[in-house]
Amino acid sequence: MARKFFVDGNWKCNGTTEEVKKIVTTLNEAEVPSEDVVEVVVSPPFVFLNFVKSLLRSDFHVAAQNCWVRKGGAFTGEISAEMLVNLSIPWVIIGHSERRALLNESNEFVGDKVVYALSQGLKVIACIGETLEERESGSTMAVVAAQTKAIADKVTNWDNVVLAYEPVWAIGTGKVATPAQAQDVECELRKWLRENVSGDIAESTRIIYGGSVNGANCKELTDQPMLMVFWSVELR
């Protein structure tokens, strides 16, 4: 089954108004294949979501970097899925390893966030990935499978889910999983989905790789037969 190529640029906690204008101008001038071939998404900080959306070319889309696990209310500092829908933001990143590690978001909590965001009409980039210690102990797939299971236990419709495999040891460190390492995990994930969810979901779900992806290494990574990319960028 053909899967449309997907690339997301995660801007993390970076940027000023002028820097955002600069990168959006660059994106707007870029030559890329049509929407039928590739889906391009950018993920600015919350404060710039509407600003970026107002300036960005119509064939590129905007994602929030997180949203709350249920309807809004007395949750200071959080952003609800309903708010993103109200702003016509179509995508959200959930379960990024920085939130798992720094804010102690558990697998189950991430699964709850994914299913709630989907229930409100958002499309979800759901992040999974192992630490260096877990990779070196040989438990990569056990960790990634447990993270995926917490999502699969709650999600019934995978049409609007993209899985982002981001090994924690490769995020912001300059270390990058080799194309073979990334491809191996992708293949094992599809096998897990086939055995635990369904063959159709295993074939149709897009799995992207993230972790120190840049202009110098993205082609080598995406030359792998099944890999797409999740690109974290630092605005300058």
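Only one residue in Val69, Val32, Val24, Val85 is at pLDDT below 95 and not in a strand (DSSP E or B), so which one is that?
Every option except Val32 fails the conditions.
In the range 108-129, which residues are open to solvent by less than 10 Å² (accessible area, probe 1.4 Å) and of a type in the set (A, V, I, L, M)?
Passing the criteria: Val110, Val114, Ala117, Leu122, Val124, Ile125, Ala126, Ile128.
Look at the range 104-129 and say how many of its residues are outside any strand (DSSP E or B), of a type in the set (A, V, I, L, M, F, W, C) and touching a helix residue (DSSP H, G or I) at 6+ places or on another chain (Cβ under 7 Å).
Taking the range 104-129 as the starting set, the residues that turn out to be outside any strand (DSSP E or B) are 104-122, 129.
Subsequent filtering for residues that are of a type in the set (A, V, I, L, M, F, W, C) retains 109-110, 114-115, 117-118, 122.
Checking which are touching a helix residue (DSSP H, G or I) at 6+ places or on another chain (Cβ under 7 Å) leaves us with 110, 114, 117, 122.
Of the residues in that region, 4 qualify.
Could you list, ordered by first residue, the pairs with Cβ atoms under 6 Å in which the first is in the range 130-154 and farther than 20 Å from Ile171 by Cα and the second is of a type in the set (Gly, Ala, Ser), at least 6 apart or interchain?
Between residues of the range 130-154 that are farther than 20 Å from Ile171 by Cα and residues that are of a type in the set (Gly, Ala, Ser), the close pairs are Ala150/Gly111; Ile151/Gly111; Ile151/Ala126; Lys154/Gly111.
Tell me which residues, restricted to the range 9-53, are over 15 Å from Pro90 (Cβ atoms) and of a type in the set (Ser, Thr, Tyr).
Listed by number, the residues that qualify are Thr16, Thr17, Thr25, Thr26, Ser34.
Among the residues of the range 175-189, is any among the charged types (D, E, K, R), surrounded by fewer than 16 Cβ atoms within 10 Å (Cβ to Cβ) and part of a helix (DSSP H, G or I)?
yes
How many residues are part of a loop (DSSP other than H, G, I, E, B) and either open to solvent by less than 20 Å² (accessible area, probe 1.4 Å) or under 13 Å from Leu193 (Cβ atoms) (or both) if we restrict to the range 130-152?
The initial filter retains those residues of the range 130-152 that are part of a loop (DSSP other than H, G, I, E, B), namely 130-131, 137-139.
Adding the requirement that they be either open to solvent by less than 20 Å² (accessible area, probe 1.4 Å) or under 13 Å from Leu193 (Cβ atoms) (or both) leaves 130.
Residues meeting the conditions: 1.
What number of residues within the range 111-134 are β-branched (Val, Ile, Thr) and within 12 Å of the chain's Cα centre (by Cα)?
The number of residues fulfilling the criteria is 4.
Is it the case that the range 12-19 has a residue that's touching a residue at least 40 places away in the same chain (Cβ under 8 Å) and assigned to a helix (DSSP H, G or I)?
So far as the range 12-19 goes, yes, one or more of its residues are touching a residue at least 40 places away in the same chain (Cβ under 8 Å) and assigned to a helix (DSSP H, G or I).
Is there any pair linking a residue in the range 186-207 that is under 19 Å from Gly129 (Cβ atoms) and touching a residue at least 40 places away in the same chain (Cβ under 8 Å) to one that is of a type in the set (D, E, K, R) and not in a helix (DSSP H, G or I), with Cβ under 9 Å and at least six apart or on different chains, and which?
Filtered contacts from the range 186-207: Thr205/Arg3; Arg206/Arg3; Arg206/Lys4; Arg206/Glu39; Ile207/Arg3.
Here are Ile79, Ile89: which of them is open to solvent by less than 10 Å² (accessible area, probe 1.4 Å) and within 25 Å of Ile23 (Cα to Cα)?
Residue meeting the stated conditions: Ile89.
The values are calculated or read from the model by the stated rules, or taken from the named source; none is laboratory data. Model, not experiment: these values are computed from the prediction. Every residue, glycine among them, receives a Cβ derived from its backbone with ideal geometry; neighbour counts consider all protein chains shown. With ligands, DNA and RNA removed, areas are computed over all heavy atoms of the protein, side chains included. Shrake-Rupley method; radii C 1.70, N 1.55, O 1.52, S 1.80 Å.
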